[in-house]
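Below: one structure, written as structure tokens.
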Amino acid sequence: MKEIILCKLGEIVLKGLNRKSFEQKLLSNLRHSLYSLGNYRVWCSQSTVYIEPGDDEADMDAAFEAAKKVFGVIKLSRAAACEKDKDAITELAKSYLRDELMRVKTFKVETKRSDKRFPLTSIELSQYVGGELAEAFPHLRAEMHEPELVIHLEVRDVAAYVHASPESGAGGMPVGSNGVAVSLLSGGIDSPVSSFMIAKRGVRLVPVHFFSFPYTSEAAKEKVIELARLLTPYCGKMPLLVVPFTHIQEEIRDKCPEEYFTLIMRRFMMRIAERIAEAQGAKAIVTGENLGQVASQTMEAMASTQAVISLPVLQPLIGMDKEEIVRLARRIGTFETSILPYEDCCTVFTPRHPKTHPKVEEVARVESAMDIDALVDEAVAGVERIMVGR
Ligand code: ATP
Ligand code: MG
């Protein structure tokens, strides 16, 4: 018996003229995520992507798990294929779905027939196979409204497929179909989640981390590399850019009033992120900011942070509760790494009484004690590039 994976496409199907290029992106992302798992054939026909083992070594369990993380797929099922013949389909349903059929008491059969030359209509095939199954498994009762098991039959161009129990895919749009953004990745709980959410909208990410060695340790950097790596099943391979931030933080400490430390530090992050964005062709900056969570996340503080750049700042977590963010972090698998106890540059030189309602002009005035352009140039020149993912 030949087993394959059928993936149903999400919003791609709505995209009209762009649909072909969306499909191509999705196919290439799927091929990429399956690449190290074995040999697979991946193709698209009639709004469904097929993943077929290329040889006996191909691990279909691993492929299924990997495909569940690829944005652009809303539903996936493992399916078995056979020739387009009503009795072959019946026999396949009996053997392939035997365990499921034994577990339930009620079922129904639903057929999709995109090969219109097939001699039975969808309803006729459902009735035929349903009748045969009820006879072969006498404990089963057909139930149209709320059956425990729905058996799907699909009669398509090259073969017929039998499947049941579809699982949810990652949803969203294929990464790369919606441009590029720089994503500020700290070692915290929030920014891996904000990165995930923007990648889900089809955006390819360039993660950027500000690193204040020796105030923050090598271990803290390793943690961020690991967080970026944990995101790659969703986001694909990414270049993590590590920006040396120590000199800037020391300058701020030496030349600015303490209550402004965090605000000014965040303005530097934005300027540097925008410079990197320009070089990378990125059109937005993503952060894990969340309204009111900390002193630098009041509306006035965010206005002062964003005043120094012109690119849009995407803050997908802005209105979420911490609990919701944590739930998502657990689901995508970054939470356990995020809570490892390493310091972040934000906790270096933290003011005892940070300004929560700063005036933009006031922040600009106090930071003018530094040579801002030279510091930004120096940081950008020192960026280290670490490729994460396969
Ligand atoms: P997180 O949990 O993502 O660290 P946070 O709640 O600790 O967020 P802040 O420390 O104010 O909040 O940081 C807000 C956002 O700024 C982060 O979500 C992240 O996008 C960015 N950021 C903070 N520190 C760094 C850093 N060292 N490198 C890169 N980005 C950072
Ligand atoms: Mg943080």
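One-quarter of the Cα convex hull surface for the range 246-339, in nm²?
Seen from a random direction, the Cα hull of the range 246-339 projects 7.4 nm² on average.
In the range 239-390, what percent of the accessible surface is made up of carbon and sulfur (1.4 Å probe, ligands and nucleic acids excluded)?
52 percent
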Name the most mobile residue of A374, A220, A364, meaning the one with the largest mean-square fluctuation, in a Gaussian network model of the chain with Cα contacts below 10 Å. A374
Note down the Stokes-Einstein diffusion coefficient of the range 107-163 in µm²/s, whole number, using a Kirkwood radius over alpha carbon pairs, 37 °C, and 0.692 mPa s. 280 µm²/s
Cα pair distances exceeding 16 angstrom across the range 1-88, given as percent: 51 percent
Selected from G172, G38, G72 as most flexible by GNM, with the chain as the system and alpha-carbon contacts under 10 Å: G38
Mean shadow area of the range 186-226 over all directions, Cα convex hull, nm²: 3.0 nm²
How high is the FRET efficiency from D61 to E110, r the C-beta distance, R0 35 Å, rounded to 0.05? 0.85
Excluding A220 itself, what net charge comes from residues whose Cβ is under 12 Å from its Cβ, given Lys and Arg +1 and Asp and Glu -1? -3
More than 21 Å apart - percent of Cα-Cα pairs taken over the range 145-254: 54 percent
Using a Gaussian network for the chain with springs between C-alpha atoms less than 10 Å apart, which of these wobbles most: R204, R331, R31? R331
1.4 Å probe accessible area per residue over the chain, in Å²: 47 Å²
Rounded to the nearest 10 degrees, what's the angle between the helix 246-255 long axis and the longest principal axis of the chain, both from Cα atoms, 0 to 90? 40 degrees
With bins 10 Å wide starting at 0, give me the P(r) of the range 230-276 over every alpha carbon pair, in whole percents. 22, 39, 25, 13, 1
At 1.4 Å probe size, with the rest of the protein present, what percent of the exposed accessible area of the range 26-91 is carbon and sulfur atoms? 45 percent
Given labels modelled 7 Å from the Cα in the Cβ direction, how far is it in nm from E250 to K237? 3.7 nm
Working from Cα positions, state the angle (0 to 90°, nearest 10) between the long axis of helix 19-34 and the longest principal axis of the chain. 90 degrees
Lys/Arg Cβ at +1, Asp/Glu Cβ at -1, dipole of the chain taken about the Cα centre: which of L231, A219, V150 is farthest positive-ward? V150
Set the Förster distance to 35 Å, then compute FRET efficiency between S36 and A88 from the Cβ-Cβ distance, nearest 0.05. 0.50
Compactness of the chain as Cα Rg over 2.2 N^0.38 Å, two decimals: 1.24
Rg/Rg_globular for the range 266-390, with Rg_globular taken as 2.2 N^0.38 Å and Rg from C-alpha atoms: 1.17
Can you tell me what percent of all Cα-Cα pairs in the range 312-354 are more than 15 Å apart? 63 percent
Local charge sum around G176 (other residues, Cβ-Cβ under 9 Å, Lys/Arg +1, Asp/Glu -1)? +2
Hey, with R₀ at 51 Å, roughly what FRET efficiency would L27 and D371 work out to, going by the Cβ-Cβ distance, to 0.05? 0.55
What is the angle, in °, between the Cα long axis of helix 86-96 and the longest principal axis of the Cα atoms in the chain? Nearest 10 is fine, range 0 to 90. 60 degrees
Calculated diffusion of the range 206-246, Stokes-Einstein form, Kirkwood radius summed over Cα pairs, 4 °C and 1.567 mPa s, µm²/s: 122 µm²/s
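The values are calculated or read from the model by the stated rules, or taken from the named source; none is laboratory data. None of the values given here were measured: they were computed from a predicted structure. No Cβ is skipped: glycine too gets one built from the backbone with ideal geometry, and neighbour counts run over all protein chains shown. Surface areas here come from the heavy atoms of the whole protein model, side chains and all, with no ligands, DNA or RNA. Shrake-Rupley method; radii C 1.70, N 1.55, O 1.52, S 1.80 Å.
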